[in-house]
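The values are calculated or read from the model by the stated rules, or taken from the named source; none is laboratory data. All of these numbers come straight from a predicted model, not from anything done at the bench. Cβ coordinates were reconstructed from backbone atoms using ideal geometry, including for glycine residues, and neighbour counts include every protein chain displayed. Surface accessibility is based on the protein's heavy atoms, side chains included, excluding ligands, DNA and RNA. Shrake-Rupley method; radii C 1.70, N 1.55, O 1.52, S 1.80 Å.
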Amino acid sequence: MREVWALILAMLFLMAPVSAADYAGSDACKTCHKDIWEDFIKTGHPYKLRPVDEARQGNEEYGIRKVTELPEGVSWDDVTYVIGGVWWKTRFVNKTGYIITGDAVQYNLETGEWVPYHSGEVKPYDCGKCHTTGYSEEGHQDGLPGIVGTWAFPGIECEECHGPAAEHVSNPTEVKPKVDTSSELCGKCHIRGSADMIPASNGFIKHHEQYNELMASPHKDLSCITCHDPHKSVKNPMVEDAIKMECKQCHSDVAKEFEESAMAKAGIACIDCHMPFATKSAVKRAEFKGDIRTHLFAINTDPNAPMFTEDGKYTAGGYVTLDFACLYCHTDKDKEWAAKYAAKAHKFEEEKPATPTPTPTPVKTETPTPTPTPTPTPKPKTPGFETVFAITGILAALYVLRRFRY
């Protein structure tokens, strides 16, 4: 009976809501884990949601820009929180906790353009589950009616992945933080809808769907951290080694073959074709180029394969089509052209124009002057029958004349 009560108490403990007091904050982690903290603070995670004053201050020491832009007609006094504003886009939460909507209220960092965001709609801020640490669906943060839920800290801090750490900070030897290396942990936020579907819109995969993509890809049995260092940013130019495992470390035979290809010599990398920009967060760079690389990896070389379902709401399969893999560079070509080369791309040699068979140059020769054939000197004819006959005839005539005279 004692064991049953112990189990019940344990279950109640696990079900009990975690309070903000259970969280220590990332600055407490810095004391013992300085190197990891300095990597983490350069990522976009802690800046997913920031109080307006922190966003305006930025963190330029670690490559994080100051937010200086504001929608027309909005003052800083109208803003409580800034959403993002680091790598792709900036949105704003107003004084009552609602996201500011309109025709030119989202700022795209890459292009410097103001674009629409749910113009004419009222948008509560309900993104806390993936933009904050220690989120609870209950209540309204700061008493603002437009904010759904509460949190211990805005932004994704260390404890969102490693669990509440106040006890660990107080007793680091006996109480250990959570260490979860599964893709499912990343998939809590890098997902949209059900993991077995990949939502799309306006000709691109929607953003923050890397878990959906990974589960549909040939690499579904790998973990995100097989390739990624989870504490390092692939976007921050101050960070150089965010990728732990490169393609060639597993695909060594293909990589060796590819090194000698015309594609490799032109500077094309594996990710340029197998992880093209088929996903869009803020900017459409070209017809087949968004601003986030996909994690589907496989390329369907059938020129008739569709990238999306007929209604455009989902991807058609766990693959990238030739338009996204090839035509975002080869903009003057079509999928039929790409299909001729895609299957042999790993060892593709650039086609060279056929060398024409040289036309022999006639050798100039001097035409020999023909040697004139000497006219033979006629030889004196030996008197023949005709001569003898003529002489005989003359003699006979003289004999007859002489006979008649006498």
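For every residue, the table says whether it meets (1) under 17 Å from V234 (Cβ atoms); (2) open to solvent by 40 Å² or more (accessible area, probe 1.4 Å); (3) at pLDDT 95 or above; (4) not hydroxyl-bearing (S, T, Y).
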{"position": "A278", "(1), (2), (3), (4)": "yes, no, yes, yes"}
{"position": "T301", "(1), (2), (3), (4)": "no, yes, yes, no"}
{"position": "K313", "(1), (2), (3), (4)": "no, yes, yes, yes"}
{"position": "L327", "(1), (2), (3), (4)": "no, no, yes, yes"}
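Scan the range 189-203 for residues that are buried (at least 19 other Cβ atoms within 10 Å of the Cβ) and in contact with a strand residue (DSSP E or B) (Cβ under 9 Å, 6 or more places away or on another chain) and jot them down.
I198, A200 - these are the residues of the range 189-203 that are buried (at least 19 other Cβ atoms within 10 Å of the Cβ) and in contact with a strand residue (DSSP E or B) (Cβ under 9 Å, 6 or more places away or on another chain).
Return a yes/no flag: does the range 162-171 have any residue that is open to solvent by 70 Å² or more (accessible area, probe 1.4 Å) and within 33 Å of the chain's Cα centre (by Cα). Spell out how you get there, then give the answer.
Taking the range 162-171 as the starting set, the residues that turn out to be open to solvent by 70 Å² or more (accessible area, probe 1.4 Å) are 167, 169-170.
Subset that is within 33 Å of the chain's Cα centre (by Cα): none.
The answer is no, given that none of the residues of the range 162-171 is open to solvent by 70 Å² or more (accessible area, probe 1.4 Å) and within 33 Å of the chain's Cα centre (by Cα).
Do we find that E110 is within 29 Å of the chain's Cα centre (by Cα), farther than 24 Å from H231 by Cβ, loosely packed, with under 14 Cβ neighbours inside 10 Å and not small (G, A, S) in this structure?
Yes; evaluated as a whole, the condition is true for this residue.
Here are some residues: G155, G163. Which one is within 20 Å of K48 (Cα to Cα), touching a Phe, Trp or Tyr at 6+ places or on another chain (Cβ under 8 Å) and among the small types (G, A, S)? Let's see the steps before the verdict.
On the way: G163 fails: touching a Phe, Trp or Tyr at 6+ places or on another chain (Cβ under 8 Å).
None of the others qualify; the one that does is G155.
Can you give me the number of residues within the range 65-85 that are in contact (Cβ under 8 Å) with a residue 60 or more places away in the chain and either touching a Ser or Thr at 6+ places or on another chain (Cβ under 9 Å) or of a type in the set (D, E, K, R) (or both)? Working first, answer last.
Of all residues in the range 65-85, those in contact (Cβ under 8 Å) with a residue 60 or more places away in the chain come to 80-81.
From the residues that got through so far, the ones that are either touching a Ser or Thr at 6+ places or on another chain (Cβ under 9 Å) or of a type in the set (D, E, K, R) (or both) too are 80.
The total comes to 1.
Output yes when any residue across the range 136-148 is open to solvent by 40 Å² or more (accessible area, probe 1.4 Å) and under 23 Å from F40 (Cα atoms), and no when none is.
The answer is no; no qualifying residue exists.
Which residue is least open to solvent (accessible area, probe 1.4 Å), if the candidates are limited to the range 48-77 and must be of a type in the set (D, E) and in contact with a Phe, Trp or Tyr (Cβ under 8 Å, 6 or more places away or on another chain)?
E69
So that you can scan it fast, the table gives a plain yes or no per residue for (1) modelled with pLDDT under 95; (2) open to solvent by 70 Å² or more (accessible area, probe 1.4 Å); (3) of a type outside the set (S, T, N, Q):
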site: I205; (1), (2), (3): no, no, yes
site: S223; (1), (2), (3): no, no, no
site: T226; (1), (2), (3): no, no, no
site: C247; (1), (2), (3): no, no, yes
site: H251; (1), (2), (3): no, yes, yes
site: K256; (1), (2), (3): yes, yes, yes
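Write out, first by first residue and then by second, each pair whose Cβ atoms fall under 6 Å of each other, whose residues are 6+ apart or on separate chains, and whose first residue, in the range 101-128, is over 15 Å from K284 (Cβ atoms) while the second is acidic (D, E).
T101/E121; Y107/E69; S119/D103
Residues in the range 215-262 that are more than 30 Å from E157 (Cα to Cα) and among the small types (G, A, S): how many?
Number of matching residues: 4.
Just for the range 258-276: of the residues that are of a type in the set (D, E, K, R) and either modelled with pLDDT of 95 or more or out of contact with any helix residue (DSSP H, G or I) (no Cβ under 8 Å at 6 or more places or on another chain) (or both), which one is least open to solvent (accessible area, probe 1.4 Å)?
Of everything passing the filter in the range 258-276, D272 is least open to solvent (accessible area, probe 1.4 Å).
Can you report the number of residues in the range 134-143 which are free of Cβ contacts under 8 Å to residues at least 12 places away in the same chain and not in a loop (DSSP other than H, G, I, E, B)?
Counting residues in the range 134-143 that are free of Cβ contacts under 8 Å to residues at least 12 places away in the same chain and not in a loop (DSSP other than H, G, I, E, B) gives 1.
Taking the range 228-240, which residues are out of contact with any strand residue (DSSP E or B) (no Cβ under 9 Å at 6 or more places or on another chain) and open to solvent by 90 Å² or more (accessible area, probe 1.4 Å)? Break it down stepwise before answering.
The initial filter retains those residues of the range 228-240 that are out of contact with any strand residue (DSSP E or B) (no Cβ under 9 Å at 6 or more places or on another chain), namely 230-231, 233, 235, 237-240.
Correct list: P237, M238, E240.
Kindly provide the set of residues from the range 23-44 that are open to solvent by 60 Å² or more (accessible area, probe 1.4 Å) and at pLDDT 95 or above, ordered by number.
D27, K30, C32, H33, K34, D35, I36
Between a residue in the range 147-160 that is of a type in the set (V, I, T) and any residue that is assigned to a loop (DSSP other than H, G, I, E, B) and open to solvent by less than 20 Å² (accessible area, probe 1.4 Å), which pairs come within a Cβ distance under 8 Å, given they are 6 or more apart or on different chains?
I147/G97
For the condition in contact with a helix residue (DSSP H, G or I) (Cβ under 8 Å, 6 or more places away or on another chain), touching a residue at least 40 places away in the same chain (Cβ under 8 Å) and of a type outside the set (S, T, N, Q), what is the one hit in P177, P199?
P199
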